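Before any comments, here is the structure.
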Amino acid sequence: MEKFTKITAVTVPLDRANVDTDAIIPKQFLKSIKRSGFGPNLFDEWRYLDHGEPGMDNSQRAVNPDFVLNKARYSGAQILLARDNFGCGSSREHAPWALEDFGIRVIIAPGFADIFYNNCFKNGILPIILAESTVDQLFQAVEANEGARLTVDLEQQKILSDESMDEKIDISFELDQFRRHCLLEGLDEIGLTLEHSDDIRAYENKQKKITPWLY
Amino acid sequence: MTAKTLYDKLWDSHVVRQNNDGTSLLYIDRQLIHEVTSPQAFEGLRMSGRQPWKLSANLATPDHNVPTTDRDKGIADPISKLQVDTLDDNCNAFGITEFKMDDIRQGIVHVVSPEQGATLPGMTLVCGDSHTSTHGAFGTLAFGIGTSEVEHVLATQCLIQKKSKNMLVQLNGQLNPDVTAKDVILAIIGKIGTAGGTGYAIEFAGEAIRSFSMEGRMTLSNMAIEAGARAGMIAVDNTTIEYVKGRPYSPKGEQWQQAVDFWSDFYSDSDAHFDKTVTLDASDIQPQVTWGTSPEMTMSIDDTIPDPAQEADSVKQEGIKAALEYMGLTAGKAINEVPVDVVFIGSCTNSRIEDIRAAAIVAKGKKVADSIKQALVVPGSGLIKQQAEEEGLDKILTQAGFEWREPGCSMCLAMNADRLEPQERCASTSNRNFEGRQGQGGRTHLVSPAMAAAAAIAGHFTRIDKL
Ligand code: SF4
């Protein structure tokens with residue numbers, strides 16, 4: 001997994017609550033047996049005017065000019081600003097794969113659905129939970145300052161504005177230390193767990209007596 | 001000893017190792033596998049040269065992409081076919097038990113596993129699918145995971161998890177006629193919202209919940225995820241144990257009594273602490289119909305479509321407006337006047353034998369309205385299909401004008417050929433009414449099987465007793 005320390009990038013505001021994983025990556029693209037290549041179909045139904053299917057040449061499709069991700073001022077965005085309950089619905093990890101493939105490395109919202117939140121960390125995406133009022137403030141700042149970039153610093157656990165922004169942004173965020181550590185180091189969790197193989201075996205040996213039908 | 005909730009007991013008995021950062025290494029007794037969320041996990045195993053930790057803990061079946069007609073002709077869509085073939089190849093290569101497409105035991109994972117006794121009380125169970133919460137009906141800690149975690153469980157039989165908080169949903173009193181588990185869970189989601197359970201494991205309790213069969217309990221737990229909770233559980237009782245008894249994977253002989261004794265402890269102690277408690281009165285719940293694009297947008301069959309102007313919160317107001325526009329509905333209209341184009345009875349929420357019986361009772365001797373373009377009944381597994389046929393339910397339904405299909409996810413998410421056309425309106429027994437869920441531009445209204453059958457007969461939503 002790619003390490004995450006700090007990024008400075010354009011932030012795209014997606015002003016909509018309860019964005020579900022079906023919207024992030026529609027089901028027809030789940031048929032792929034690969035982990036990459038989902039980026040062009042991120043938010044497919046909102047991003048394009050026609051109906052997308054796997055195998056289409058996305059560069060030839062008509063884009064929806066009203067959809068925020070298509071606006072020139074947000075091109076190259078790596079930070080996604082969202083509303084509450086982002087990533088609800090299906091557990092598909094294709095949703096963070098699509099976001100990551102598109103280039104998103106940070107998502108800021110007042111709340112995330114649990115499974116999606118978890119899946120982000122496995123894919124080098126940092127989901128940040130902030131108070132609703134702070135998120136409101138960020139929406140206003142991002143919409144008001146075209147071309148401005150935000151810096152997300154995981155080591156310092158801070159979100160900072162660059163000089164081009166009218167108001168100064170300096171927001172701290174909380175994060176569980178294990179997840180922070182894995183992101184900073186780009187760690188393979190399976191490898192970490194296998195270091196505890198003896199503990200797992202000891203647990204199994206104990207359980208064999210208590211629940212023998214499972215062994 | 002301190003009093004524990006059901007969730008505490010399940011959690012504590014599966015902790016392999018407590019990490020000092022607040023996470024735990026949790027042992028997973030069973031993993032269910034389907035074709036959509038597993039290929040990349042198997043690929044990961046291969047790339048790192050790892051082997052499954054405990055083969056017998058895994059059980060696989062294809063469900064999302066399988067056709068529900070002409071099974072003998074195979075899968076027409078080459079991309080769907082590749083995904084199902086990949087599952088077959090991976091299970092063959094690693095030695096994982098799989099009920100393949102031509103096996104009578106094939107079906108929707110969440111239907112198949114309980115039916116086989118592979119879901120047992122007191123265990124931890126995961127699947128790369130959010131509706132894994134279904135299995136919580138057995139006093140099981142069951143939750144959906146992503147593909148990286150599927151790989152993690154394959155390789156280590158464990159997951160690194162942080163414990164959720166405890167929420168109790170208490171349903172007091174008796175249910176009204178025609179109110180099913182589906183109506184109850186929709187009403188609960190309507191009350192607490194789709195993020196109401198985020199960060200919690202829910203336990204459903206109370207007299208009305210106890211009175212549900214295992215099928216009803218599974219319907220309830222199935223949609224815990226729609227309330228934001230990864231897990232939704234119900235304590236073990238006689239109904240649970242009677243259901244599990246004699247199934248292929250359940251314990252036999254001497255182990256049976258040992259298991260029953262062990263399982264009987266999986267309930268919340270009377271003075272256990274819950275971080276949040278929500279209480280509902282069963283008698284307040286009427287048959288439900290969702291009107292919007294989120295499961296929390298639900299109402300009673302006697303109500304009218306909500307008016308966004310009545311909503312004070314501006315984000316919510318926009319949400320209602322967008323939902324009404326997408327759904328093609330006008331504020332103030334009675335939901336029982338809204339005509340339906342398609343009816344879908346199926347999915348891991350409502351495709352079990354009781355659901356099909358409920359639909360058949362309503363449909364018996366009647367005809368699907370001429371205005372209905374399609375009315376599908378898709379059993380959850382090959383064995384349910386067989387049982388329904390033995391009971392003559394297929395005849396009742398087909399004589400009424402329903403189509404009787406092969407088992408799978410089907411129009412629940414339209415990854416196979418069964419899908420809505422843009423703007424078609426569907427009365428569906430599935431669990432998600434998100435935009436485009438049942439086909440691009442399709443409009444989904446979530447209802448119980450009896451309500452779906454009634455809508456098929458009437459051509460519009462209706463109270464069952466008004467048919
Ligand atoms: S029936 Fe629907 S919700 Fe259930 S597993 Fe299949 S696609 Fe998912």
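Computed from the coordinates by the stated procedures, all read-outs in this text should not be read as laboratory data. Nothing here was measured: the structure is a model prediction, and the numbers come from that model. A quick note on method: Cβ atoms are made from the backbone with ideal geometry, for glycine too, and the neighbour counts reach across all protein chains shown.
Here are some notes:
- Inter-chain shielding of A:192-203 (mean C-beta neighbours from other protein chains, 10 Å cut-off): 5
- Normalising the average separation of contacting C-alpha pairs (under 8 angstrom, six or more residues apart) by the number of residues puts the relative contact order of chain A at 24 percent.
- Per DSSP, loop chymotrypsin sites (Phe, Trp or Tyr not before Pro) in the range A:34-108 with at most 16 further Cβ within 10 Å: A:67
- All alpha carbon pair distances within the range B:219-289 were sorted into 5 Å bins beginning at 0; the resulting P(r) in whole percents reads 3, 11, 15, 19, 19, 14, 10, 7, 2, 0.
- Separation of the range A:173-193 from the range B:106-140 is 29 Å, based on Cα centroids.
- Potential extension, residue B:370-residue B:51 segment - 0.36 nm per residue separation minus Cα distance: 109.3 nm
- Low-density loop cleavage sites - trypsin sites (Lys or Arg not before Pro) in the range B:291-346, where at most 16 other Cβ are within 10 Å (DSSP): B:333
- Annotation for residue B:361 and residue A:167: the two label points, set 7 Å from Cα along the Cα-Cβ direction, are 5.8 nm apart.
- Neighbour-limited loop hits for trypsin sites (Lys or Arg not before Pro), the range A:141-215 (at most 14 other Cβ within 10 Å; DSSP other than H, G, I, E, B): A:168
- Protection proxy ranking of B:52-61, B:66-75, B:455-464 - average other beta-carbon atoms within 10 Å, highest first: B:455-464, B:52-61, B:66-75
- Rounded if a/c under 1.5, otherwise prolate or oblate - the range A:6-187, Cα gyration tensor axes: oblate
- Excluding exposed DSSP-loop GluC sites (Glu not before Pro) (at most 16 other C-beta within 10 Å), longest clean stretch of chain B: B:1-310
- Once both labels are positioned 7 Å from their Cα atoms along Cα-to-Cβ, the gap between residue A:156 and residue B:271 label points is 5.1 nm.
- The gain in end-to-end length when the residue B:242 to residue B:100 segment is fully stretched comes to 48.3 nm, 0.36 nm per residue minus the alpha carbon separation.
- About its Cα centre, the dipole of chain A is roughly 700 debye, where the only charges are +1 on Lys and Arg Cβ and -1 on Asp and Glu Cβ.
- Additional length obtainable on full extension of the chain from residue A:8 to residue A:57, 0.36 nm per residue less Cα span: 14.6 nm
- Counting only lysines at least 8 places from residue B:395 when in the same chain, those with an alpha carbon closer than 16 Å to its own are B:364, B:366, B:367, B:385.
- Those aspartates and glutamates that a straight Cα-Cα span of less than 17 Å connects to residue B:321, excepting residues fewer than 8 apart in one chain: A:15, B:296, B:307, B:311, B:313, B:435
- For the segment A:114-122, counting C-beta atoms of other chains within 10 Å of every residue's C-beta and taking the mean gives 6.
- Between helix A:197-210 and chain A: long-axis angle, C-alpha atoms, 0 to 90°, nearest 10: 60
- Prolate/oblate/rounded label for the range B:176-239 (Cα gyration tensor, a/c 1.5): oblate
- Secondary-structure-derived ellipticity at 222 nm for the protein assembly as shown, considering helices only, amounts to -9000 deg cm²/dmol, per-run term -39500 (n - 2.57) for DSSP H runs with n ≥ 4.
- The C-alpha atoms of chain A define a longest principal axis, and helix A:132-144 lies at about 40 degrees to it.
- Rg over Rh for the protein assembly as shown works out to 0.95, using Cα positions for both radii and the Kirkwood form for Rh.
- Once the Cα gyration tensor of chain B is diagonalised, semi-axes √(5λ) in Å: 33, 27, 22
- The residues neighbouring residue A:148, those whose beta-carbon lies less than 12 Å from its own, together hold a net charge of -3 under the Lys/Arg +1, Asp/Glu -1 convention.
- Distance between the range B:397-431 and the range B:1-56 - C-alpha centres, whole angstrom: 34
- Anchor residue B:4: lysines whose Cα lies under 27 Å away (excluding residues fewer than 8 positions away in-chain): A:206, A:208, A:209, B:162, B:163, B:165, B:191, B:245, B:276
- Among the residues of B:13-23, the average count of other protein chain beta-carbon atoms within 10 Å of the residue beta-carbon is 4.
- Distances between placed amide hydrogens fall under 5 Å for residue B:142 paired with B:125, B:136, B:232, all partners being 5 or more residues away or on another chain.
- The magnitude of the dipole of chain B, with charges of +1 and -1 set on the Cβ of Lys/Arg and Asp/Glu and taken from the Cα centre, is near 220 debye.
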